[in-house]
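Step one of this worksheet: look at the structure below.
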Amino acid sequence: GVLSVDISTVSRAFSSLAIQTDGKLLAAGSVSFSQYHTLARFNLDGTYDTSFSGDGLVFENKPAMYSINPLIKVRPDGKIVMASSGAPNTGWGPYDGIYQFLQNGDRDPSFGSTAPGYQLNDMDQTVVESVIAKIDFDANGKILLGREGNVYRNWLVRLTSTGTLDPT
């Protein structure tokens, strides 16, 4: 079947999809010409799941002025990770914004040090001109980010389970 959703006020386009163990669909994207990313959850019948953030939608600030569409991945425990790369309007970051949500759509207060449920990592010049292309988790629950660049170079970044850069 086909689900037609009026996303003009929700998202320019859904850039990442994930299916939860209960079969509900998560979709992430960016709101056109604004500083927001969107995370939506749909019931099996295609309606917004109102048990998720009250109306089925979560709006979060982008990590920087110029941000790519977010990616999402569901952890084995059901928590939802959303990540996006961006650059400020002055100079080049890049910055990575990592969010973690509980199954009800609230930010996970046990995640992140920038704000509850949010971690902003300044990638400095280490991974210059690259963006997050893949999210996964290792056996210890650490977050793995695959980054693709434009200078014939790709990177693998490992974060702690709370979203900070892993020094090990």
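Every number here is computed from the coordinates shown, using simple stated rules; none is lab data. Because the structure is predicted, anything quoted here is derived from the model rather than measured. Virtual Cβ from ideal backbone geometry, glycine too; neighbours counted across all protein chains shown.
What the Cβ-Cβ distance of Ala115 and Arg75 gives, at R0 = 22 Å and to the nearest 0.05, is a FRET efficiency of 0.70.
The slack in the chain from Leu144 to Leu44, taken as 0.36 nm per residue of separation less the alpha-carbon distance, amounts to 33.1 nm. Close amide H partners of Ser15, meaning residues 5 or more places away or on another chain with modelled amide H under 5 Å apart, are Ala28, Gly29, Ser30. Modelled label positions at Phe59 and Tyr36, each set 7 Å beyond Cα in the direction of Cβ, lie 0.2 nm from each other.
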